[in-house]
Structure formats: C-alpha cells, structure tokens
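To start, the structure under review is shown below, and the notes come after it.
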Amino acid sequence: MSDQTPFQRTIAELDALHAEDPRRVEVEGESLPMELWHAGRMSAWLERVVPAADELTQLAVRSQHMQRWQVPRSEYPEGRVGYLTWRRDQGKRAGETTARVMEACGYSPEDAARVAQMVRKQGLGRDEGTQAVEDCACLVFLENYFADFSKQIDHDHLIRIVQMTWKKMSPRAHELALELPMSDEAKGLVEEALAG
C-alpha cells in the first residue's frame, strides 16, 4: 500500500465508497454496485472527452456521484426547485467527502479544495475541469438513462431537458453525444430539441 501514489490510494478509497451502494446494476452478466459502475462510466467518458486529463480532473469525474444513494431524491420536494436543491446538496456532500479522502491519502488541502469545486460544478463553462465533469455526466446520462427517462416525462418537458443538457456541454461532448447509438425515437427527440 505504501508504494502507491496518492492518486492510486485515492482512487482505491473512492471506489471502496462507491462499492457500498446497495443498488445493483447488471453488466454483462455481472452484478455491480450501481455507483461504482457509474463512476467507471464517468472515467471511461473522460478518456474520450479530455484524453490527457490531469489527476485532479480524473478524481473529480470519478467522484461526481459520491454516495448519492444515501440521500434519495424523494427526500426533497417535487419539481424543479426541489431537484436543483437536491443536486446542489449532493454536489456539496460529494465534494466534501472526496476532499477528505484526498487529504487522508496525501493530497494538499488546496488540491482537495480544487477537486471539491469541480465536483460542485463551480465555474461551469469557464473552468476546464468543471466542464469535463459536466460533459461526462451528460454523456453518461444520454448513453445509459435517457431512453428510460424519456418514457416517464411528457414530450415538451423532455425537449426542454435535452436543450438544457446540450447548453451545458462542450463542443467535444456534442460530437461524442451525436455518435451515441440511440433508438429512432430517442434520436428524433434529440434532433427536435436541437432544431428548436
């Protein structure tokens, strides 16, 4: 353990926390903790969005959903304000937890604070690390959750969600999103949203 770098130790600690998620997802015949699987998808997208991302950006992307399962969305009021409050609180918690783990693994308080800032998505559109976190989150959503999500939301609301998601993404993330395999229905929704 002592010959590991602070980065390697931090990733291992973060993934151990992700693995505590009681929710499971079936991937290629294997049952995985949902949050650990999500963190892996985030990291996989980062390799395509920012191929040479620095360690701090990698840690922020890996931590974006840190222990999200501990505070369910249902504990907040319905509607947009409730959702945004829940999401803000989740980002704050995830950032604080990640910063604590980083410092315990040998990172400076400054580096830990920088990652917490990215996890909270502060500086979106201006900060490259924060933008990378947002891009990966949007791509994971479009790749894995959009099809099911689109069946639960009325058409006009869904179009607005796609438009808002698109506005938060970088040009590189737009390119990658348009390459995603989608059902004809999902593709039609995206095309309608982008034409609007």
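Tell me, please, whether a residue that is without any contact (Cβ under 8 Å) to a residue 12 or more places away in the chain, open to solvent by 80 Å² or more (accessible area, probe 1.4 Å) and hydrophobic (A, V, I, L, M, F, W, C) can be found in the range 76-91. Looking for residues that are without any contact (Cβ under 8 Å) to a residue 12 or more places away in the chain, open to solvent by 80 Å² or more (accessible area, probe 1.4 Å) and hydrophobic (A, V, I, L, M, F, W, C), one finds at least one in the range 76-91, hence yes. Taken together, R62, R87, R48 contain a single residue that is modelled with pLDDT under 95 and either part of a helix (DSSP H, G or I) or touching a Pro at 6+ places or on another chain (Cβ under 7 Å) (or both), which is R87. For the range 115-128, the tally of residues that are over 14 Å from G91 (Cβ atoms), assigned to a helix (DSSP H, G or I) and small (G, A, S) stands at 0. In summary, P22 fulfils each of the numbered conditions (1) touching a Phe, Trp or Tyr at 6+ places or on another chain (Cβ under 8 Å); (2) in a helix (DSSP H, G or I); (3) open to solvent by 50 Å² or more (accessible area, probe 1.4 Å) with the single exception of condition (2). Residues in the range 37-50 that are in contact (Cβ under 8 Å) with a residue 12 or more places away in the chain and either open to solvent by 50 Å² or more (accessible area, probe 1.4 Å) or in contact with a helix residue (DSSP H, G or I) (Cβ under 7 Å, 6 or more places away or on another chain) (or both): H38, A39, R41, M42, S43, W45, L46, R48, V49, V50. The selection criterion, being of a type in the set (A, V, I, L, M, F, W, C) and either touching a helix residue (DSSP H, G or I) at 6+ places or on another chain (Cβ under 8 Å) or closer than 25 Å to I153 by Cβ (or both), holds for L59.
Within the set A16, A53, A112, the sole residue that is open to solvent by less than 50 Å² (accessible area, probe 1.4 Å) and either in contact with a Phe, Trp or Tyr (Cβ under 8 Å, 6 or more places away or on another chain) or not in a loop (DSSP other than H, G, I, E, B) (or both) turns out to be A112.
The values are calculated or read from the model by the stated rules, or taken from the named source; none is laboratory data. On a predicted model such as this, the values are computed, not experimentally measured, just so you know. Cβ: placed from backbone, ideal geometry, glycine included. Neighbour counts: every protein chain shown. These area figures cover heavy atoms from the full protein model, side chains too; ligands, DNA and RNA do not enter into them. Shrake-Rupley method; radii C 1.70, N 1.55, O 1.52, S 1.80 Å.
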